[in-house]
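Shown next, in structure tokens, is the structure this report addresses.
Since every read-out is calculated from the coordinates, none of them should be taken as a lab result. These figures come from a predicted structure and were not determined experimentally. Positions of Cβ are generated from backbone atoms using ideal geometry, with glycine treated the same way; all protein chains shown enter the neighbour counts.
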Amino acid sequence: MTRFAATAIVLAFLLSLAPVKAAPAPDVVRATLDNGLRVVIVRDPLAPVVTEMVNYLVGSEDAPKGFPGMAHAEEHMVASRSTKTLTSSQIATITAYLGGDFDADTQNTVTQFFITTPADYLDVALRVEAARMGGALDLQSEWAQERGAIEQEVSGDLSNAFYRYYEKACATLFAGTPYDHSPLGTRPSFDKTTGAMLKAFYQKWYAPNNAIVVIAGNVDPSATLAQVESIFGSIPKHAVPAHQAIKLGPINSQAVIKDTSDYPVPFVLLTYRLPGSQSSEFAATNVALDVLSSQRANLYALSAEGKALGTGADFQPAPAASLAFAYLATAPGGDTDAALGMLAGVIGDYVKNGVPAELVDAAKRREVAQLLFSRNSIDGLANDWSDALAVEGLSSPDDAIAEYNKVSVDDVNAIFRKYFQRDQAVAGILTPEPGAVPSSGGSIGVRDTFGSKDAKPVAVPAWAERVTTPPQVQSSNVNPTDQRLPNGIRLIVRPFSVSPTVTVRGSIRNNPALEEPTGKEGVADLLGGLFSYGTAAYDRLAFQTALDDIAADVSVGTAFGLTVPSQNFDRGMQLLADDLLHPALPPAYFTIVQKQTADGLKGVLTSPDYLAQRARAKALAPPGDPTLREATPATVASLTLDDVKNYRATVFRPDLTTIVVTGDVTPEAARAAVEKYFGAWIASGPKPEIDLPPIPPNKPARVNVTAPGRVQASVTLVESIGVHRGDPDADALRLGGAILGGGFYASRFSLDLRKESGLVYSIDAGTSLGKTRSTYTVDYGSDPKNVAKARAIIDRDLRQIATRPPTQTEMRQAKTQLVRDLSLSEASVVAIADGLAARSVAGLPLDEPTVRARALLGLTAEQVRAGFKKWIDPARFVEVVEGPAK
């Protein structure tokens, strides 16, 4: 995996004034072993979970010339292939039994490996990492298999227009330096790479004296340090070469990067080279990007005032130099040159006239508050410490607080004047090309040319044997209070004391497919776009100012939320309620949002992703089904402000609402705030119908969607099934799903499609269970020529599990993994809040994961076989392929 924040960008219409109080410092133990290994252990009692991260100080900047993905390739080999003491199968089996997250990433200057697991099994996770540090084999035979998977990762990223732009921007802004390419690598370089070359790279850079181990979670720091010393201490150190010097040259500001995309609308971008994370200017740079991204800033105003469909800024830091870009989305067919000029004008105004002092103050408060919020997640805490030590050169994440406190308005203005000049920027224009649905032919269903395979049991070392015993299901650590308020709101509260913050999640049961009046399709989207324009008490800018004053974030809609320092909880709840219950819905801005929504739909309706989603929906549902209703520019243009108000009055009801409050708050204080600000909210009229009617089983179908610019085919296989939430067979399908796709390189799909054949980089499979409708889905990406080959293996594995019961080894592994995942789901305050809200809205018991875990442990292999035999039929799949024309 490579880390690239920009690939996540999509079109989105598409602290009191006193300083925020710092949290008490967590228990921290630091040490350097005799072999040079640096160790940092941070205690976080949120849940009985631990995250271990090993950070090697080597990244893409250290790749040999002509082999830009060497560090990334070695990350793959170290993460999943054989070592001197563990085979690749043993690594896959052990990590599957551990449950939780197991992954790695490569950046410019660091390669990170991380495992999140129940705290009782930290020693096992440590031994896996020690085996990797002690001697990766980099066998040519294993590289020949892994190369296919990493090349599919490359193809997937190159199918993303933003990623292609990012690669070209790096090449322009950092020409002649090790930063002139992303860490991903290229298929031609991987084709030239050998196992021997990877082994030489490993031997040069992978050493305890070139690594930092960070452990965060509910552990005893002193005892854990003794474990680390015992397990890693005998690994010998060796000399590590110096990193290449980064000598930045002039910027070719005349460059304009143009590309086609499969996004619905055009994007224009300006990209800048900024100070790196180890620069004395970095804190001011970070604040400058926060200011540019503020909803009170002039960039966001372009969207709010109807001059753009969406705007934003993103930041990709690295130690020696960083990259940031501002972007603007405009209407399909719009003048992209004019849009680029408008974007440059906004930034140029800040360069010339400076930024408002109040936005700098707000950005500094938010940066400090974010450090508090990071303690609400065990893996987030480990990641923050790893980045601080291994990437940013700090001694802890909290060191940044002092740096932010020193930033002045003059410092931020100096950053804009020095680095945001138009003649130092690279411009980009991404122009959408519509997708197409050519006539689809060919056979449907089974195309099996492979013989059946049986999963072979893997013997694990003695030190790992205890992880193979399915654990007892423990009672949940959450145990919230659960109340029903007089107006019908369900209030769920779970206090935590890990940081002085509060997280609120709310959800209103709704279904636009049933609740939007006939001919008014799109009214839900229009309402969603209007919530950001203030309230009856505050206009747009005044409302955002009030949030900035308390370092709070509010999101509003049928799903709503608040994150706020606990000292400002009451004020945050007041603002959340004001936005949800008393939105301004101003007539002047209604016209703007209506036009933006209609303009956006013009591109959406011809975009490949929408065409694929539409084809899937039409193949699964019968004609006339409510899910086939479609918002169009015409339906949106016909809407009135009264339509929006009437829809909101129908859908937004307290008796369909759940509010979950978690964090540094008591149940009494949470109830008092909810009653104070939400208590007067009253429902009127009968509850709307929100449950879709059942549908008959779908017929097989096959659809190809042409997606311009893509080099990889994205495949979805889906069928409707008659199993619903709470049905006896539901757990059998879940357990079988874990056997097929639940463990990295230890499940049938990953073993057959990635590890052994290299046909895919990732494959996701599982059931989506609803009250009246459910589906089984398999998603994967592959080279177009290999789509049918991968499909045949999937068909084979599904038929096999339906005809022969899984082995007892597979059953034990899947049960162990799923049960251990229960405790891992409680290792983040946000995850806990989201889970409670989702279960409430779905009508499930709040302790449903515990109930499900106990049911899973009681299942037999025959029940799994029978469940798949009864419900999953590969011959009935709807197959939707998005990819290149050929």
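Values as computed for the structure displayed
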{"quantity": "Angstrom value of the Kirkwood radius, inverse mean 1/r, which spans all Cα pairs in the stretch 261-309", "calculated": "13.0"}
{"quantity": "FRET efficiency, 1/(1 + (r/R0)^6) with R0 25 Å, evaluated for Val437 and Ala875 via beta carbons", "calculated": "0.65"}
{"quantity": "Extension gain (nm, one decimal) between Ala402 and Thr481, 0.36 nm per residue minus Cα-Cα", "calculated": "24.6 nm"}
{"quantity": "Scattering curve values for the chain, log₁₀ I(q)/I(0), Debye with Cα scatterers, q = 0.05, 0.07, 0.08, 0.10 Å⁻¹", "calculated": "-0.28, -0.57, -0.78, -1.36"}
{"quantity": "Surrounding net charge for Pro208, when Lys and Arg each add one and Asp and Glu each subtract one, Cβ distance under 12 Å", "calculated": "0"}
{"quantity": "Ratio Rg/Rh [Cα only; Rh per Kirkwood] for the stretch 558-626", "calculated": "1.19"}
{"quantity": "Expected 222 nm ellipticity per residue - DSSP helices of 4 or more, -39500 (n - 2.57), all of the chain, to 500", "calculated": "-12500 deg cm²/dmol"}
{"quantity": "Label point distance in nm, Asp539-Ala559, each placed 7 Å from Cα along Cα→Cβ", "calculated": "3.2"}
{"quantity": "Percentage of interatomic Cα-Cα distances in the stretch 765-848 larger than 17 Å", "calculated": "69"}
{"quantity": "Cα gyration tensor, the stretch 77-119 - rounded (a/c under 1.5), prolate or oblate", "calculated": "oblate"}
{"quantity": "Approximate shape of the stretch 804-886 as ellipsoid semi-axes (Cα gyration tensor, √5λ), whole Å, largest first", "calculated": "28, 23, 14"}
{"quantity": "Volume in Å³ per residue [convex hull over Cα atoms, computed for the stretch 746-886]", "calculated": "152"}
{"quantity": "Estimated inter-spin distance, Ala885 and Gln574, nm [label 7 Å along Cα→Cβ]", "calculated": "6.1"}
{"quantity": "Value of Rg to Rh for the stretch 472-576 (Rh from inverse mean 1/r over Cα pairs, i.e. Kirkwood)", "calculated": "1.05"}
{"quantity": "Projected label distance in nm at Asp337 and Lys84, using a 7 Å step from Cα toward the beta-carbon", "calculated": "6.4"}
{"quantity": "Relative contact order computed over the stretch 468-568 (Cα-Cα under 8 Å; 6+ residues apart), in percent", "calculated": "29"}
{"quantity": "The stretch 59-103 pair-distance distribution - Cα-Cα, 10 Å bins, rounded %", "calculated": "26, 38, 27, 8"}
{"quantity": "Extension gain, Trp463 back to Lys602 (0.36 nm per residue minus Cα-Cα distance, nm)", "calculated": "44.1 nm"}
{"quantity": "Extended-chain gain in nm, criterion 0.36 nm per residue less alpha-carbon gap, Thr772 and Gln254", "calculated": "180.8 nm"}
{"quantity": "Against the rule of thumb 2.2 N^0.38 Å, how large the Cα Rg of the stretch 657-798 comes out", "calculated": "1.51"}
